[in-house]
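A short worksheet on the structure shown next.
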There are 2 protein chains.
Amino acid sequence: MKAALIVIGNEILIGDTVDTNAAYLGKKLSHIGVEVVFKSTVPDKVEDIKESFKTALNRAKIVIIVGGLGPTRDDVTREAVSDLLKKKLKFHRRLFRNIESFFQKRGVEIPSISIKQAFLPAGAKELKNTVGTAPGFLLKYRNKLIIVLPGPPREMKPMFEKIIPTLEEKLRNSPIVIRKILRTYGIGESSIEEGLNDIKNTREFEIGFQAHPGYVDIKLCARARNKNLANKIISKFESKIFKRFKNYIFSRKDENLEEIVGNYLRKKGQTLSIAESCSGGLISNLITNIPGASDYFKCSVISYSNEMKRKILNVPAKFLKKYGAVSSSVAGRMAEEIRTLTNTDIGLGITGIAGPSGGTKNKPVGLVYIALSTHKGTTVEKFNFYGERTQIKEKVALTAFSLLLKYFLSR
Amino acid sequence: MKAALIVIGNEILIGDTVDTNAAYLGKKLSHIGVEVVFKSTVPDKVEDIKESFKTALNRAKIVIIVGGLGPTRDDVTREAVSDLLKKKLKFHRRLFRNIESFFQKRGVEIPSISIKQAFLPAGAKELKNTVGTAPGFLLKYRNKLIIVLPGPPREMKPMFEKIIPTLEEKLRNSPIVIRKILRTYGIGESSIEEGLNDIKNTREFEIGFQAHPGYVDIKLCARARNKNLANKIISKFESKIFKRFKNYIFSRKDENLEEIVGNYLRKKGQTLSIAESCSGGLISNLITNIPGASDYFKCSVISYSNEMKRKILNVPAKFLKKYGAVSSSVAGRMAEEIRTLTNTDIGLGITGIAGPSGGTKNKPVGLVYIALSTHKGTTVEKFNFYGERTQIKEKVALTAFSLLLKYFLSR
């Protein structure tokens, strides 16, 4: 079954907001077997919304519209949907009371502009907003399903989660697309492609590849009349591919590298602390995004100056002077010190130059040392990353996780 | 002048990749006065690309197509453009040599599939790729300008930067849209809107609003025959609005809260260290995303257990026992200790429950204390945030920055 997304908002078109809703919805829909075939972003204008809505209705059975449900004058999604489908906007007393009580709880009277949020196109079913005042709605139109959701992710996501069972019900015995990821480590994209070039892409089954810093994904995609059949196709090819690359596949799910590393830490009963410098807290931030990270993650020190490396991490002053803060020796020492200081099994130490300034001829922007210390000893690796400051930080973090992964896989 | 964007790629539709290119291009185009009126994301299929391309040509003078220029079988943008505009693909010997030498430098022979990257539609002007093998191209078609760019951001961005002067030249004495942001703190979206409801949106001038955790943007947008005129309109309304809300407007640019706080720190010559717990390094990560953050940011300790709060931050054990790790007293102590330990002007202390587990009836998920310590003393504020783990972390970070901002604004 096919879906089309319409995202509404000037702020997305002009780049004020990065559209994470579309990626979220794309992932969720793919996960249950819906194929997203079209996405369009349009300004907060009735005519523009209507035109894309029309295209979407032509291309897909499910149309999801996100945004433009707020109280202000530039929120016109309700009007556009009502207009195109010729379903008048109707006042819902219960919705009005909900909105009213939302404001009462905050000790404010309902602003007059918020009243329009109590209107829905005739025949629409309210989707309750548990976070804000903008209700979403669901509408059947001919054989299409139209889902209208508010723009703020924290309101949109819980609302969409609740519709998933309805979508899954609609999908039973419908044409379906199922995807699967095999995540590999230690082998290049082209070597994998060569090892699979006897498997041709067909309408029924496709292979794709995606290289990330530190790992490569083999992406399987099956298209069939129903879920059972699609699952069978995936299984057949998955076991074929797994046999060929079993030494490289470390995950058969779309998991982050940090989740995989987190699972290893938990499984092996090991603990981790990190001494960051140029990565500025990104590594710690990623690992603490995982629920339950406190089981294995103990502490980080982000020492953003020589003084702090000396004072908090006890890196000897003569070390810093002799080798410089960005050096293999200092990285190693940082990893060892944080491990001792916090009494963990593993210590990571990272030092480098994230740029844009601070680089020299001998130590250019992007030069990074990553050290891993355990009771068996300390290893340090040197990297030269390319890109802007935040891109370098990101590569440092991914590489740090891939070094942890390598450590677990090699034991 | 209007522009339309077409982004090509299955991985974006299914949510495997968050589309940051569109936001980047939207921002750059808005900045020079081009109005992005349409964006569409389509699969790697000739027919789908052509259909969106047709819509884009109808709606805008500038059409930018991103992605699908690679060497593999699913890269079909060249073919789609050539097809729709009836401009045959032509082999360019010079392009071929560039691609060949790209591989030679890496000690590999040119793969046969890469040869198609040496073809461009007739009349197209090459846009040099300084990073990868996929050249972009520029094409005039009737009175339209078509710009085709590769998908990887690190290839696309430098290529686009080089076209900006051409676009600016095209914009001289053309209709233009200029935008401006007034960033407010301490006042709600609806109160601002009420205070501005005598200013009606017209074709010439529009006001919009955007609420963020911790601040609200007033967005001005002027449309005029030329740049001078548009700037005059903006100035007129800006000074009118500024007079009404001058106590709340803290920035007239599209800056992140952390950049604004960073600028205050630098301007006042103050330094900052942070003791994080539930935010897990996010606050430090955001502040170190800003180039030059080492001027004011010294150190963070992410103490993810009671033991670490005691051992690294010297929070007394009896404190932790009496009040619990998530308490006003512990937050305050964390802020004070990190300030003393690292000898900075300001210490931030954050403790809370990011969830999904770890909450109790008295201390539910989302309960967070944020403390700010200076030589004048320590203040602690209590918050109850809602959402998933990463959403709570994000709100904690934004709120921490808004507390720092409040501190600077109240001095």
Q | Within segment B:117-235, strands (runs of 3 or more DSSP E) holding 2 or more residues that are among the basic types (Lys, Arg), at negative phi and out of contact with any helix residue (DSSP H, G or I) (no Cβ under 6 Å at 6 or more places or on another chain) | A | B:215-224
Q: Examine segment A:258-265 for a residue that is at pLDDT 90 or above, part of a helix (DSSP H, G or I) and aromatic (Phe, Trp, Tyr), and state whether such a residue exists.
A: yes
(Q) For segment A:20-40, give me each residue that is among the charged types (D, E, K, R) and either over 14 Å from B:PHE38 (Cα atoms) or not assigned by TED's automatic domain parsing to the domain that holds A:LEU69 (or both). (A) A:LYS27, A:LYS28, A:GLU35
Q. Only one of (1) surrounded by fewer than 22 Cβ atoms within 10 Å (Cβ to Cβ); (2) in contact with a strand residue (DSSP E or B) (Cβ under 8 Å, 6 or more places away or on another chain); (3) within 14 Å of another protein chain (Cβ to nearest Cβ) fails for B:VAL380. Which number is that?
A. (3)
Q: Keeping to segment B:202-221, report how many residues are more than 22 Å from B:ALA397 (Cα to Cα) and either in the same structural domain as B:SER30 (by TED's automatic domain parsing) or surrounded by fewer than 18 Cβ atoms within 10 Å (Cβ to Cβ) (or both).
A: 3
Q: Test each condition in (1) touching a helix residue (DSSP H, G or I) at 6+ places or on another chain (Cβ under 9 Å); (2) within 8 Å of chain B (Cβ to nearest Cβ); (3) without any contact (Cβ under 8 Å) to a residue 60 or more places away in the chain; (4) small (Gly, Ala, Ser) for A:SER294 and report the one that comes out false.
A: (1)
(Q) Looking at segment A:39-65 only, could you name the residues that are under 10 Å from A:ILE6 (Cβ atoms), within 11 Å of another protein chain (Cβ to nearest Cβ) and within 27 Å of the chain's Cα centre (by Cα)? (A) A:LYS39, A:SER40, A:THR41, A:VAL42, A:SER52, A:ALA56
**Q.** Which numbered condition B:ALA23 fails, given (1) within 7 Å of chain A (Cβ to nearest Cβ); (2) touching a strand residue (DSSP E or B) at 6+ places or on another chain (Cβ under 9 Å)
**A.** (2)
**Q.** Single condition B:ASP83 does not satisfy, out of (1) more than 13 Å from chain A (Cβ to nearest Cβ); (2) without any contact (Cβ under 8 Å) to a residue 12 or more places away in the chain
**A.** (2)
(Q) Going through A:ILE312, A:ILE353 one at a time, which residue ends up being without any contact (Cβ under 8 Å) to a residue 60 or more places away in the chain, within 12 Å of another protein chain (Cβ to nearest Cβ) and aliphatic (A, V, I, L, M)? (A) A:ILE312
Q: Please give the helices (runs of 4 or more DSSP H) falling wholly within segment B:271-341 in which 1 or more residues are under 34 Å from the mean Cα position of the chain (by Cα) and either over 19 Å from B:PHE383 (Cβ atoms) or not small (Gly, Ala, Ser) (or both).
A: B:282-287, B:306-311
Q: Go over the candidates A:SER239, A:SER174 one by one and state the one that is under 30 Å from A:VAL81 (Cα atoms), surrounded by fewer than 19 Cβ atoms within 10 Å (Cβ to Cβ) and away from chain B (no Cβ under 14 Å).
A: A:SER174
(Q) So, in segment B:388-411, how many residues would count as being under 18 Å from B:SER300 (Cα atoms) and in contact (Cβ under 8 Å) with a residue 60 or more places away in the chain? (A) 9
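Take the conditions assigned by TED's automatic domain parsing to the domain that holds A:ILE283 and closer than 26 Å to A:PRO213 by Cα and apply them to A:GLU337. Does it pass? Reasoning before the result, please.
On the way: assigned by TED's automatic domain parsing to the domain that holds A:ILE283: yes; closer than 26 Å to A:PRO213 by Cα: no.
Here the answer is no, as A:GLU337 does not meet what is asked.
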Q) Quick one: B:SER190 ticks every box in (1) touching a residue at least 40 places away in the same chain (Cβ under 8 Å); (2) under 28 Å from A:ARG106 (Cα atoms) bar one, so which box is it? A) (1)
Q: Only residues that are assigned to a loop (DSSP other than H, G, I, E, B), over 22 Å from A:ARG106 (Cα atoms) and not basic (Lys, Arg): list them for segment B:369-387, please.
A: B:HIS375
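A:PHE103 - would you say it is in contact with a Pro (Cβ under 9 Å, 6 or more places away or on another chain), outside any loop (DSSP other than H, G, I, E, B), outside the structural domain of A:CYS221 (by TED's automatic domain parsing) and surrounded by 13 or more Cβ atoms within 10 Å (Cβ to Cβ)? Even if it seems obvious, please write down each step before you answer.
Working: in contact with a Pro (Cβ under 9 Å, 6 or more places away or on another chain): yes; outside any loop (DSSP other than H, G, I, E, B): yes; outside the structural domain of A:CYS221 (by TED's automatic domain parsing): yes; surrounded by 13 or more Cβ atoms within 10 Å (Cβ to Cβ): yes.
So A:PHE103 fits the description; yes.
The values are calculated or read from the model by the stated rules, or taken from the named source; none is laboratory data. Treat the numbers as computed from the prediction; the structure is a model and nothing was measured. Methodologically, a virtual Cβ is constructed for each residue, glycine included, from the backbone with ideal geometry; neighbour enumeration extends over all protein chains shown.
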